[in-house]
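Since the structure comes first, as structure tokens, the remarks are kept for the end.
No value in this document is a laboratory result; all are computed from the given coordinates. Because the structure is predicted, anything quoted here is derived from the model rather than measured. For neighbour counting, all protein chains shown are included, and Cβ atoms are generated from backbone atoms with ideal geometry for every residue, glycine included.
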Amino acid sequence: MTKEKKPQQVFTLLVEIGRKPGDGLPKGATGAALMCYASGVDEPEAVRETVAVLKQAELAPLDVNGYGTLEERLEQGHDISDEERGLMERALAENSVIVAQMTPFFEDTAGGPH
């Protein structure tokens, strides 16, 4: 009896990372948010692969939020650019994790939002 292989899908993930020596984040950053597109047969697999890749890259993943597949995001009314769709297609074609955007966090010493 052969198990039917599920097709790969691409999931949009927002990963919060902390600081770690050699992580390449800007001086003074306390961490960062990474927008990633990751392929997997389901979201838990995409999350596991993303965390593994980020750890290999000397990053310290702290938390992952999943935003679903392209279809799920469209159903939720998300506006998805051609550039974003292209990165998703690339993640699927390469069976990979693509970091599309990094936003560093800085602690505000004045106490207000930064």
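Data table
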item: Ellipsoid semi-axes in whole angstrom, largest first, where each is sqrt(5λ) of the Cα gyration tensor of the chain; result: 29, 17, 12
item: Paramagnetic reach from Leu14 in the stretch 24-63 [backbone N under 15 Å; point 7 Å along Cα→Cβ]; result: 32-37, 62-63
item: Two-decimal ratio, the stretch 61-113, of alpha-carbon radius of gyration to 2.2 N^0.38 Å; result: 1.53
item: Extension reserve of the Ala57-Glu89 stretch, reckoned as 0.36 nm per residue once the Cα distance is removed; result: 9.3 nm
item: Added length on full extension, which subtracts the Cα-Cα distance from 0.36 nm per residue, Lys5 to Asp82; result: 24.8 nm
item: Protection-proxy order for peptides 8-14, 96-102, each taking the mean of Cβ atoms within 10 Å per residue, highest first; result: 8-14, 96-102
item: Helix-only CD estimate at 222 nm, as mean residue ellipticity for the chain, using -39500 (n - 2.57) per DSSP H run (n ≥ 4); result: -9000 deg cm²/dmol
